[in-house]
Amino acid sequence: SISSGTAITKRANDKGLNVDHAGEVNDLAKAGNSDAKEIMEDAKEYLSNMLAIMIAILDPNIIVLGGGVALKIDGFVKEIKDRVTSKVYDVQKDSINIVKAQLGDDNGLIGGAALAFLKVAEEKNVNN
């Protein structure tokens, strides 16, 4: 992984930056640290490339970004959305919908529970 908070922090520490979380790497990048800038640029570029490929293949209605980086670094999701929009086919540009998770770090847990509930309800309807 390149875009997770853990990966960003590890890469920064491997380059000699003494940081505890990705937010610190982002702060160093904003302050002009070249190593931190490279790490954050890689994280944004790799994530936006992957999302653009997913959109080209799957054409999802929405992409929800969660985790510490997306939720805690101001402007991260907007920058990813802008980058993705610049990479997709022209016909898809107006329908790009990339948003920050509204349920915080519990969005995966809540989504999984909702899917399980829908599956049980579906099976109950089939058996009746």
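The values are calculated or read from the model by the stated rules, or taken from the named source; none is laboratory data. Quantities reported herein were computed from a predicted structural model and do not represent experimental measurements. Here the Cβ is made from the backbone with ideal geometry for all residues, glycine too, and neighbour counts use every protein chain on show. Surface areas here come from the heavy atoms of the whole protein model, side chains and all, with no ligands, DNA or RNA. Shrake-Rupley method; radii C 1.70, N 1.55, O 1.52, S 1.80 Å.
So which of Lys37/Lys72; Lys44/Lys81; Lys78/Lys100; Lys44/Lys78; Lys30/Lys87 end up more than 19 Å apart by C-alpha?
Too far apart for the 19 Å limit: Lys30/Lys87.
Rolling a 1.4 Å probe over the protein heavy atoms leaves Asp59 with an accessible area of roughly 90 Å².
Across region 29-74, the volume of the C-alpha convex hull divided among the residues equals 76 Å³ per residue. Starting from region 28-102, pick out the GluC sites (Glu not before Pro) whose DSSP state is loop and whose Cβ has at most 11 other Cβ atoms within 10 Å. Hits after loop and neighbour filter: nothing returned. Ile55 contributes an accessible area of around 10 Å² to the protein surface, as traced by a 1.4 Å probe with all chains present. Between amide H atoms placed 1.01 Å from N, distances below 5 Å from Ile63 occur with Asn97, Ile98, Val99, all of them 5 or more places distant or on a separate chain.
Farthest toward the positive end of the dipole of the chain, out of Ser95, Asn18, Ser34, is the Cα of Ser95, where the dipole comes from beta carbon charges about the Cα centre. Whole-percent P(r), the chain, all Cα pairs, 10 Å bins from 0: 12, 34, 29, 16, 6, 2, 0.
Counting only protein chain heavy atoms and rolling a 1.4 Å probe, the accessible areas of Ser1, Ser95, Ser86 rank, largest first, as Ser1, Ser86, Ser95.
Of the two radii for region 71-119, the radius of gyration is 1.12 times the Kirkwood radius, both from the alpha carbons; that is the Rg over Rh value.
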